[in-house]
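Here is the structure we will look at, set down as structure tokens.
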Amino acid sequence: MMPFQKQEKIEVVVTEGGDSPVRRWEDLDIDILLKIFQSVDLFQLISIIPQVCRSWQLACSDQLLWKTLDLSVMQSNFIRITIPPYVYVDSLSREKLTHLLKICLNLSRGNILTLIFHFNLYVDNNQLAYTAKRCPGLKRLVMPAWEKLEKATICSAFRKWKDLESLMMPSLEEPAYIIKKIGRSCKKLSELKIMGPCDMLLASTLVSFLPNLKVLSVRCTELPKPALVILLEGLKQLKVLNISHCIITEDLPPPAPMKILTELDESILEKASRLDKFLTCMSDSCIMCQRTRHDEGFMKWYKYADLWKVDEVKSLAI
């Protein structure tokens, strides 16, 4: 939803009897209505405003209001479990999301370009399949939680999103299959943010199947130095790399323990010199760096409110 910058004073006069013209709410100019509706929250837009009158109901489906569907204020009611899919979402929470998606995607009439899910909003297979079908022109997807999704459903959804340009996704233990499918389906994908560790396997997979990435963010996580080298050497089209607040590790010959770098050496800086932006922060005084170390490279974002939305790359921030 676009922020409402300037409110216009609107006077609606309704009279009874006489020859004075009667101005009704439904007679308001559509452009004025849209400006007003841009200032209300999602739940008012889908549940209250459409009940006023027919013209307001029609205005609620105008494409101007549905370029972005931001569900980052909605979280699942869930508990962690020890067996796949490692998270249980209660039925009421699941039904609420399904109901909300159906209303929003019906009103949007296929015009959604940006879709944002909360870090703790767990979409299931049916919900993702329905969303993919109703959002064929999607250009940006923010979906950090994939625990409830099967590989086949994920790949089927991305096959429908051929215009996708920007993606926020979780780290994957076995990334090759899904990243390969995403790369084949989403030829326009140029921006990627990974929420979680980026090991050598994931780095190699990105180089192999998403070679045209221009912007990559792997902030606030553990990042082995060899994985960083793979990214810098392998992603030839990369212009912006964000590794702010990462724990950069290096394996030393045994029996020496793993080393945590306190600064980047000249070899890394030389490889990164071709980039337009190489964003780093490894400061002991930085609060986010301290949090990454405290969480041992796997950020417990639930402790930090909306900080998961932050990114030093403006186009990836929410």
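The values are calculated or read from the model by the stated rules, or taken from the named source; none is laboratory data. The structure displayed is predicted, hence computed values, not measured ones. Positions of Cβ are generated from backbone atoms using ideal geometry, with glycine treated the same way; all protein chains shown enter the neighbour counts. Heavy atoms of the whole protein, side chains included, go into the accessibility calculation; ligands, DNA and RNA do not. Shrake-Rupley method; radii C 1.70, N 1.55, O 1.52, S 1.80 Å.
Name the residues in the stretch 127-136 that are open to solvent by 50 Å² or more (accessible area, probe 1.4 Å) and of a type outside the set (A, V, I, L, M, F, W, C), would you?
130, 133, 134, 136
For the stretch 47-97, which residues satisfy the criterion of being of a type in the set (Ser, Thr, Tyr), open to solvent by 50 Å² or more (accessible area, probe 1.4 Å) and either touching a helix residue (DSSP H, G or I) at 6+ places or on another chain (Cβ under 6 Å) or not in a helix (DSSP H, G or I) (or both)?
Correct list: 82, 86, 88.
List the helices (runs of 4 or more DSSP H) that sit entirely inside the stretch 137-249 and contain at least 1 residues that are open to solvent by less than 20 Å² (accessible area, probe 1.4 Å) and closer than 25 Å to residue 108 by Cα.
Because the criterion is at least 1 residues that are open to solvent by less than 20 Å² (accessible area, probe 1.4 Å) and closer than 25 Å to residue 108 by Cα, the helices (runs of 4 or more DSSP H) in the stretch 137-249 that meet it are 151-160, 176-185.
Please state which of the following conditions residue 207 fails to meet, knowing it meets all the rest: (1) β-branched (Val, Ile, Thr); (2) within 21 Å of the chain's Cα centre (by Cα); (3) over 22 Å from residue 261 (Cα atoms).
Only one criterion in (1) β-branched (Val, Ile, Thr); (2) within 21 Å of the chain's Cα centre (by Cα); (3) over 22 Å from residue 261 (Cα atoms) is unmet by residue 207, namely (2).
So which of 94, 109 is under 23 Å from residue 302 (Cβ atoms) and within 22 Å of the chain's Cα centre (by Cα)?
The unique qualifying residue is 94.
Can we say residue 228 is within 20 Å of residue 142 (Cβ to Cβ) and of a type outside the set (Val, Ile, Thr)?
In short, no.
Mind checking which residues of the stretch 85-129 are over 20 Å from residue 46 (Cβ atoms) and either touching a Phe, Trp or Tyr at 6+ places or on another chain (Cβ under 8 Å) or small (Gly, Ala, Ser) (or both)?
87, 88, 89, 90, 91, 119, 120, 122, 129
Restrict the check to the stretch 298-305 and report whether at least one residue is touching a residue at least 60 places away in the same chain (Cβ under 8 Å), within 27 Å of residue 189 (Cα to Cα) and either aromatic (Phe, Trp, Tyr) or in a helix (DSSP H, G or I) (or both).
Within the stretch 298-305, one or more residues are touching a residue at least 60 places away in the same chain (Cβ under 8 Å), within 27 Å of residue 189 (Cα to Cα) and either aromatic (Phe, Trp, Tyr) or in a helix (DSSP H, G or I) (or both).
For the stretch 264-288, name all the residues that are loosely packed, with under 10 Cβ neighbours inside 10 Å, charged (D, E, K, R) and in a loop (DSSP other than H, G, I, E, B).
284, the sole residue that qualifies.
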